[in-house]
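**Q** This is the structure, below, for whatever I ask next.
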Amino acid sequence: SQQGEEDPQALSIQEGENATMNCSYKTSINNLQWYRQNSGRGLVHLILIRSNEREKHSGRLRVTLDTSKKSSSLLITASRAADTASYFCATDPGGSEKLVFGKGMKLTVNP
Amino acid sequence: EPEVTQTPSHQVTQMGQEVILRCVPISNHLYFYWYRQILGQKVEFLVSFYNNEISEKSEIFDDQFSVERPDGSNFTLKIRSTKLEDSAMYFCASSRGLGRPDTQYFGPGTRLTVL
């Protein structure tokens, strides 16, 4: 089964606009995390939301989690050109130490 | 802010050769991980390591792969006889291991190219 599928696969917006990325997963989880990857670089941890939380904020980031629908969304408000990157959701399935990543979503913020 | 480091940033090798990828996890972290990302594909879990032994591994992590913590700071991934399909970005990560949730912090990666 595919765990952590992001939707859409690519998004292009203008600076100042909001960007919303969605992630769906199939198995039960302990928590869900979002990571950013600049082209050819490492993964930077953005935010973690626990399975018993519904919404979390960090600066311009807002994450929601709906465990009944097995889905999460990442909202980036007032986007900047520097937000241009690939964004991945990663789930922490119960009983495992590994993270299961989605394919990622490429966000392009045009100045 | 402490971070995970990896060396080299890019490794080119011939098929059949052995490679060792090196990582220095964050100093007070107890769990260490290797992931890989084939170009254009998902980041895939390879192995986790705790208390000087493998705690979990994926199907990808076969007998060609091994991990080691040779001293108090380094964590290595060895590929014994590289194949073309081993070409990928390899990421090391570490976490505190003090209970869930346990955020994993990733290094910048080593790009391995097998010719």
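We did not get these values from a lab; they are worked out from the coordinates using the rules stated. From a predicted model like this one, the values you see are computed outputs, not experimental measurements. Backbone-built Cβ (ideal geometry, glycine too); neighbour counts: all protein chains shown.
**Q** Within 10 Å of each Cβ in B:76-86, how many Cβ atoms from other chains are there, averaged over the peptide?
**A** 0
**Q** So what is the diffusion coefficient of chain B in µm² per second by Stokes-Einstein at 25 °C and 0.890 mPa s, using a Kirkwood Rh over Cα pairs?
**A** The estimated diffusion coefficient comes to 174 µm²/s.
**Q** Beyond a 27 Å Cα-Cα separation, which of these cross-linked pairs lie in this structure: A:K70/B:K83; A:K103/B:K57; A:K69/B:K57?
**A** A:K70/B:K83; A:K69/B:K57, as the Cα separations exceed 27 Å there.
**Q** For chain A, set up a Gaussian network in which alpha carbons nearer than 10 Å are linked by springs, and say which option among A:N52, A:N31, A:N22 fluctuates the most.
**A** Top of the fluctuation ranking is A:N52.
**Q** Can you give the alpha-carbon Rg of the protein assembly as shown over 2.2 N^0.38 Å, where N counts its residues?
**A** Ratio of Rg to 2.2 N^0.38 Å for the protein assembly as shown: 1.01.
**Q** Right, another one. Taking the Cα centre of chain B as the origin, how large is its charge dipole in debye, to the nearest 20, when only Lys and Arg (+1) and Asp and Glu (-1) carry charge on their Cβ atoms?
**A** Taking the Cα centre of chain B as origin, the dipole is about 160 debye.
**Q** In cubic angstrom, how much convex hull volume per residue do the alpha carbon atoms of chain A span?
**A** Dividing the Cα hull volume of chain A by its residues yields 93 Å³.
**Q** Just to confirm my numbers, what's the Cα centroid distance between segment B:83-98 and segment A:29-104 in Å?
**A** 19
**Q** Mind listing the long-range amide H neighbours of B:S55? Cut-off is under 5 Å, sequence gap 5 or more, other chains count too, H placed in the peptide plane at 1.01 Å from N.
**A** Result for B:S55 returns B:S48, B:F49, B:Y50.
**Q** Put +1 on the Cβ of each Lys and Arg and -1 on the Cβ of each Asp and Glu in segment A:5-84; which of A:S28, A:A82, A:V44 then has its Cα farthest toward the positive end of the dipole?
**A** A:S28
**Q** Please find, in a Gaussian network model of chain B (springs between Cα atoms separated by less than 10 Å), the residue of B:L46, B:L30, B:L77 whose mean-square fluctuation is greatest.
**A** Looking only at B:L46, B:L30, B:L77, the largest GNM fluctuation is found for B:L30.
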